[in-house]
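Report on one structure; see the data block that follows.
The values are calculated or read from the model by the stated rules, or taken from the named source; none is laboratory data. Small disclaimer: the values here were computed from a predicted structure and weren't measured. In case anyone asks, the SASA skips ligands and DNA or RNA and just uses the protein heavy atoms, side chains included. Shrake-Rupley method; radii C 1.70, N 1.55, O 1.52, S 1.80 Å.
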Amino acid sequence: MVVDSSTSLFRTEYLGRGELFSRQSLLGRFLRNLNKIAEEYNIAVVITNQVVTANLDGLTLTSGSNIKPIGGHIMAHYTNTRIWLKKGSRGILTMKITASSRLPESEVKFRILNKGFIDVNE
């Protein structure tokens, strides 16, 4: 099962910090239900998510990435493997396993052509 832009509905329905608790509670229930469906039907669930630049302090020199997933910690608690997809130049895409309970961190560069996925050795 693929759920595209999983947090987009939660972002539009619940605006501002005043509704943060309600939004996170509903997001948690949504993710728990997806987990139950995956277990009951023995299927994989792929969830795509949005990211945001988290430069709230206005500093340009920060430790670590300033790109953060929408949905906060609750998204991290309900996912087994997090994969980062990045579009590069010349049609090259990068897929990186950034966190997983089952797989080591790794990265692959590839292109998508009419004949399928092509490994790119750079």
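Assorted remarks:
- Carbon plus sulfur fraction of accessible area for the range 63-104, probe 1.4 Å, in percent: 58
- Listed values (1) 10, 33, 35, 18, 3; (2) 12, 27, 26, 17, 10, 5, 3, 0; (3) 16, 30, 21, 15, 10, 5, 2, 1, 0, entry calculated as P(r) over Cα pairs in 10 Å bins from 0, in percent: (1)
- Surface per residue (accessible, 1.4 Å probe) for the chain, Å²: 78
- For the chain, built as a Gaussian network whose Cα springs stay under 10 Å, the top-fluctuating residue of ASN66, ASN33, ASN49: ASN66
- Between ILE118 and ARG17, the contour length at 0.36 nm per residue exceeds the Cα-Cα span by 32.0 nm.
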